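Bear in mind these aren't lab numbers, they're just calculated from the coordinates by the rules spelled out. The model shown is predicted, which means the values in this text are computed figures rather than measured ones.
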Amino acid sequence: RCTLEFWYQLPKASDVSGEIVLARRTLASEDDDLSKLCAASETDSLLWEVVVLPSGRLEFRASGGATLLSEPTKHLQSSALSSITESPKTNDGLVSWKREDGLGGGNHVCLNFSSKGQG
């Protein structure tokens with residue numbers, strides 16, 4: 001098992017024209033040109049990456065072509081003050097962009113990897 005957790009700050013959505021690669025795992029040899037390893041277009045050594053799409057969704061991409069897209073989820077508010085009869089809150093699956101007033105844009109990602117059931 002492995003957990004990768006990080007926080008990131010985004011600019012205003014209007015300032016972004018394409019995808020933003022947040023995290024990436026690659027596998028390269030010493031003979032590879034490592035100067036291009038972090039270029040968004042360089043996917044030859046890619047194992048996986050997490051990308052912010054212009055739509056505001058996150059996408060996890062694996063080297064085999066599989067993708068996972070962030071989706072809306074419902075959950076109960078985890079506050080000691082909330083009642084169990086309270087209706088579930090909806091997480092719309094979108095990132096937070098910086099607002100015109102300069103606030104916002106802070107985000108948190110936690111990826112849990114497991115090889116349980118593999119082989």
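Pull up all non-local amide H partners of residue 23: gap of 5 or more, or a different chain, and H-to-H distance under 5 Å with H placed in the peptide plane.
For residue 23, whose amide H was placed from the backbone, the distant partners under 5 Å are 50.
When the distances between all Cα atoms of the range 15-71 are binned every 5 Å from zero, what whole-number percent does each bin get?
4, 18, 28, 23, 15, 8, 3, 1
Taking Cα pairs under 8 Å and at least six residues apart, what relative contact order does the range 1-61 come out at, in percent?
35
Could you tell me whether the range 1-44 comes out rounded, prolate or oblate from its Cα gyration tensor? Rule is a ≥ b ≥ c as square roots of the eigenvalues, rounded for a/c under 1.5, then prolate if a/b exceeds b/c, otherwise oblate. Provide the component values of the computation, followed by the final result.
Working: a/c = 3.42, a/b = 1.43, b/c = 2.39.
Verdict is oblate for the range 1-44.
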